[in-house]
Each structure stands twice: as structure tokens, then as C-alpha cells.
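Below is one structure, written out as C-alpha cells; the observations come after it.
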Amino acid sequence: MIGAWSLSGGPLDPERDLRALRAATGPAPALETRRLWLGGARVSQDRRGVAGLVGFAVGGLEALLAGETPEGSYVAVRGDGQERLTLLRCPSGGERLYLARLGEVVYFASSVRSLLPLVGRRLNGAVLDEVLLNGRVLLGSGTLHEGIDEVLAGHQVELGETVAPQTFSQPEILRSPVGSLSELARGCRDRLTEAVVRAAGAQRPVAVALSGGIDSSAVAAAAVDAFGADQVEALTYEFHDPTHGTEVDYARQVCQ
């Protein structure tokens, strides 16, 4: 996904503002309004507005156009195409989303590489120190590239005449549930099983990536509950990295 939004409300200049974007997306489908250009993604436009999506999201473009917050791993764009645009990144952070402002135009993309021809290749010194010390950016939305910010996992950015500060898009998922432990446990199990059934599709047997850790083991157990043990195939693998511990024995114990 890559796109541009005019903060001033004026039309985007095809040569100045869009040449690099069109080169990055190639023949991918694009959507264009007076102040928005969006390409390289699944895009849609109808009377409710415009939407673009990269990754997997339950409900997809229809959910976005209806104003719903989808589930899954995705980055998305939703808006009316004229007055306001919202950039969304899923809470898991499974897909990336970056933005850069040049004058009155905000560029955004699901790959930082797509924005580099627009802003140049200058290192952000403050962030570089942080990455060298910690291996990653721990605080703030800056990136290693000066002039490019990252939309944080689970956050959204609204574009209109200004760029609004990032806000967490689903605060309800951070609230602790209330109720008895047994009821909460059953509810968690039911929701996990429902999610596994939705993700599995119709093909059998169902493949489960199994490390032997608690997350993948719970998914494997939910799949067995839903489809039966003979309809679940567990897959695991070793890492070439010598610093990474082996997990095959744990996965084998879960299967047994």
C-alpha cells in the first residue's frame, strides 16, 4: 500500500506528488479523488467512502467502509476521500505502516522503502542510538530514517487539514474483563475456538504451526476440539540460529 493525502484540500500534482508513488506501485490498481491517491492495495470506493487494505482482516473492505474495526493482521485506510482519512494498524503489529510529510502532502506506505525516494536516505541519529543500544525503537514513533514515522501497533492517525496525534484505536481490548475465573476461562476458550474455525477454512486436515509454547499449544488444542485430532497436522521446525533454543521436544510432547 502506498498513498498521498493533501492537507490543504487542493488536488495532488501528478508530476510532483504522484510520480514516485506510481513508480512504486507499478500496474497495481489505484484510487484517486481530489485530495487522495491510493495504490498497491485492495481498494474500494462507494457512497460510504473509500477504503484500502493490506493483509488479512475479517470483513475486509466491507467492514472498513461500514466503519467497523476488523480483526486480523492488517494495515488499512478508511475515509470519505474528501474531508478526512484514517490510517489504521492492527493491534498485533503484524503489518507495518509508515508516514512522511512533505509540505502540505502526507505520504503513507506499508513499506518504508516506498517512502525513501520521497524523503531521501538520511539516518535519524537519535533513533540510531536507541536501536544500537536496544536492537529496536522502544519509545516514540520515529524510525531509523529521518522524516519517516511509524504508525504504532494498534494505533490510528487521522488526516484532515492537519495530522492528528496517534491514538490507540481499540482501547476496549486493554480493559481487564470482569467475572468469575471459570466463566472468563470458558469464554476465552470459546472465542479462541471460534477464531480458529474462522481462520481454518474448508480444507482438511488443518495445519497448525506448533512450537510447543503456550500460544501455539492453545491454538492446536482448539483445533482438535473443533475438528478432531485426526484432522489436525502440527508443523514445527528448527532454527539455524545457534542462540535460539530447540523447541521440537516441547512440540512433540504437546502432540502426544
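For this structure, a couple of remarks:
- Residue count for the range 140-168 under the criterion of being farther than 30 Å from residue 221 by Cβ, of a type outside the set (A, V, I, L, M, F, W, C) and in contact with a Ser or Thr (Cβ under 9 Å, 6 or more places away or on another chain): the result is 7.
- In the condition set (1) surrounded by 14 or more Cβ atoms within 10 Å (Cβ to Cβ); (2) in contact with a strand residue (DSSP E or B) (Cβ under 9 Å, 6 or more places away or on another chain), residue 13 is compliant with all but (1).
- Within the range 202-215, residues that are polar (S, T, N, Q) sit with their Cβ atoms under 9 Å from residues that are assigned to a loop (DSSP other than H, G, I, E, B) and open to solvent by less than 70 Å² (accessible area, probe 1.4 Å), at 6+ positions apart or across chains, in these pairs: 211/236; 211/247.
- Residue in the range 42-49 that is over 16 Å from residue 157 (Cβ atoms) and open to solvent by less than 10 Å² (accessible area, probe 1.4 Å) present: yes
- Pairs linking a residue in the range 217-236 that is within 14 Å of residue 192 (Cβ to Cβ) and open to solvent by 40 Å² or more (accessible area, probe 1.4 Å) to a residue that is assigned to a helix (DSSP H, G or I) and among the hydroxyl-bearing types (Ser, Thr, Tyr), with Cβ atoms under 8 Å and 6 or more positions apart or on different chains, are 225/193; 226/193.
- Within the range 83-98, considering residues that are in contact (Cβ under 8 Å) with a residue 60 or more places away in the chain and more than 8 Å from the chain's Cα centre (by Cα), the one nearest to residue 112 (Cα to Cα): 87
- Identity of the residue in the range 65-82, under 19 Å from residue 152 (Cα atoms) and among the aliphatic types (A, V, I, L, M), that ends up farthest from the chain's Cα centre (by Cα): 77
- If the condition is being closer than 18 Å to residue 250 by Cβ, exposed (fewer than 15 other Cβ atoms within 10 Å of the Cβ) and not acidic (Asp, Glu), then the range 205-216 contributes 209, 213, 214.
- First in the range 161-188 and touching a residue at least 60 places away in the same chain (Cβ under 8 Å), second anywhere and in a helix (DSSP H, G or I) and surrounded by 10 or more Cβ atoms within 10 Å (Cβ to Cβ), Cβ under 6 Å, 6 or more apart: none
- All strands (runs of 3 or more DSSP E) inside the range 1-62 with 3 or more residues being hydrophobic (A, V, I, L, M, F, W, C) and within 19 Å of residue 115 (Cα to Cα): 2-6, 36-39
The values are calculated or read from the model by the stated rules, or taken from the named source; none is laboratory data. This is a predicted model, so every value here is computed, not measured. All Cβ positions, glycine included, derive from the backbone under ideal geometry; neighbour counts span all protein chains shown. Each accessible area value is taken on the protein alone, full model and side chains, heavy atoms only, with ligands, DNA and RNA left out. Shrake-Rupley method; radii C 1.70, N 1.55, O 1.52, S 1.80 Å.
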